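Comments concern the structure below.
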Amino acid sequence: METQALQTPTAEDVIQAWSSQNDGVPREQKEFSVRLQIQAIRALAEGHPVSAQRLSADLGLPVEQVEAIIRQLGSAGVEVDSEGRLVGVVLTLNPTPHRFRVKGNDLYAWCALDTLFLPAYLEETAQVESTCPVTGEVIHLTITPTGVASYSPGSTVISIIDPSKVSCSTRGPQSAVCSQMHFFYSREAAETWQVDHPGVIICSIDEAYRVAQISIDLMTAVG
């Protein structure tokens with residue numbers, strides 16, 4: 001009996017998988033999740049931990065309800081400090097390989113893909129520095145609310161996980177999703193790394209921004 005070879009997913013396959021990952025989620029739940037994420041990210045961009053009281057005021061919800069939400073998010077991988085304050089929701093105060101400078105603050109992103117849509121959420125241009133996990137070279141990007149303005153070197157590519165191949169139930173920089181999405185100095189370096197990371201494809205920056213646009217469109221829909 002012949003064994004069918006596994007087909008490597010294409011960029012279009014991954015874009016479709018990211019587009020459909022929230023299919024079946026009730027609209028109200030999806031919109032609330034996006035609103036919460038937007039408010040948390042914008043507060044974190046100020047460079048300080050975000051308290052339940054701050055989110056309560058931003059969202060118009062009772063403090064007790066927000067405290068319960070933060071506890072729930074903490075169990076799912078969102079970063080919370082010893083005082084119960086948010087310190088990482090896509091944008092984080094804790095160091096990662098993806099430095100994200102915005103509004104005069106040196107912050108970090110959970111993964112390379114996050115850096116592409118965060119400027120749209122913040123309505124601010126960001127300077128990104130990321131380290132290639134293979135070569136150790138530093139990659140620089142300037143990302144505006146409407147796209148990637150520049151990146152160097154010109155050979156830069158990005159790894160993106162196929163969300164249909166891994167569990168997305170937990171997030172955070174060490175999760176199965178975020179820990180596999182990096183910028184690489186070149187396609188050759190990325191393909192060396194890809195051998196040991198099935199379910200991950202190597203995309204151009206333009207292709208990756210199409211994935212990021214899915215999150216931007218969700219934000220726009222919520223308003």
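Every number in this text was worked out from the coordinates using simple rules, so none of it is lab data. In this text the structure is predicted, and so the values were computed from the model without any measurement. With ideal geometry, Cβ positions are generated from the backbone for all residues, glycine too; neighbour counts draw on all protein chains shown.
Tabulated results
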quantity: Added length on full extension, which subtracts the Cα-Cα distance from 0.36 nm per residue, Ser75 to Ile214; calculated: 47.5 nm
quantity: Rounded to 10°, Cα long-axis angle of helix 11-20 versus longest principal axis of the chain; calculated: 30
quantity: Reduced Cα scattering model of the range 6-88, Debye log10 I(q)/I(0), q = 0.20, 0.22 Å⁻¹; calculated: -0.92, -1.03
quantity: Net dipole in debye of the range 15-111 [+1 Lys, Arg Cβ; -1 Asp, Glu Cβ; about Cα centre; nearest 20]; calculated: 280
quantity: Angle in degrees between helix 63-75 and the longest Cα principal axis of the chain, rounded to the nearest 10; calculated: 20
quantity: FRET efficiency estimate (nearest 0.05) - Cβ-Cβ, Ser20 to Ser204, R0 30 angstrom; calculated: 0.85
quantity: Simple spin-label estimate for Arg27 and Val195 in nanometres, 7 Å along Cα-Cβ; calculated: 5.0
quantity: Fewest-first ranking of His98, His197, using other Cβ atoms within 10 Å as the exposure measure; calculated: His197, His98
quantity: Charge dipole (debye, nearest 20) of the range 11-222; +1 at Cβ of Lys and Arg, -1 at Cβ of Asp and Glu; calculated: 300
